[in-house]
Amino acid sequence: MRAEDSQAAGGSAGDPSGREPGPQPGPQPDREQGTHRGLVRRLLDGARAWRNGLRKVPTADLVYRVVVGVIGVAIVLLGLFLVPLPGPGWLIVFAGLAVLATEFEPADRLYRFVRHQVTSWTHWLARQSLSVRIAAGLLGLVLVVLVLYLSLLVVGVPGWIPGALVAWMPGLDG
């Protein structure tokens, strides 16, 4: 059978049997979006259904809320502990707040407020000239160094910091 006859019979040019090609292997995109959002949507719907099932059992609901509260507070405290240090301290605080916001309305309001303020600040800063952005970055760096220095004044200098580094910082004993 020629390729044209095969196509006329419902097959493809590469398939002389006249059958339609089967589904292609691998993940298939969501038909609506043209992406893999359908899988994410199904997973989120399943998680919501599971959580709604827990809400129907008062003891399970209480245990779940306590566990979420303990985990969220632990993440926030870890982030607050890391704030004076260089790194993602505030990001960790916001992540803990997001965990708490999944179950507690006041945490959700605070999370939305903080997210709005950070977004507004970021957009405002992006509209500024390069010199203003550099000044804001340097101010942030000075604040981090100041908080670190004050922390070392209050807590003391750890033994692992070299004495030569401590010598040029007034008020710190190595």
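Computed from the coordinates by the stated procedures, all read-outs in this text should not be read as laboratory data. Just so it is clear, the structure is predicted and the values come from calculations on it, not from any experiment. Quick reminder, even Gly has a Cβ in these numbers, built from the backbone with ideal geometry, and neighbours come from all protein chains shown.
Taking the alpha-carbon centroid of each part, what is the distance from the range 123-165 to the range 102-121 in angstrom? Cα centroid of the range 123-165 versus Cα centroid of the range 102-121: 26 Å apart.
Within the shell of other residues whose beta carbon sits under 14 angstrom from the beta carbon of Glu103, the net charge comes to +2, with Lys and Arg scored +1 and Asp and Glu -1. Put a dot 7 Å past the Cα of His123, heading toward its Cβ, do the same for Thr102, and the two dots end up 2.8 nm apart.
Quick check: convex hull of the Cα atoms in the range 67-115, volume per residue, rounded to a whole Å³?
Numbers: hull volume 2.7 nm³, N = 49.
In the range 67-115, the Cα hull volume divided by residue count equals 56 Å³.
Given 25 °C and 0.890 mPa s, compute D for the range 36-127 with the Stokes-Einstein relation, Rh being the Kirkwood radius over Cα pairs; round to the nearest whole µm²/s.
Numbers: Rh = 15.1 Å.
Calculated translational D: 162 µm²/s.
Estimated from the Cβ-Cβ distance and a Förster radius of 30 angstrom, the FRET efficiency linking Leu110 and Leu130 is about 0.35. Along each principal axis, taking the top coordinate minus the bottom one, the Cα set of the range 69-174 gives 49, 42, 16 Å in descending order.
Among Val99, Val155, the ranking by other beta carbons within 10 Å of each residue's beta carbon, starting with the fewest, stands as Val155, Val99. What the Cβ-Cβ distance of Asn52 and Leu143 gives, at R0 = 45 Å and to the nearest 0.05, is a FRET efficiency of 0.55.
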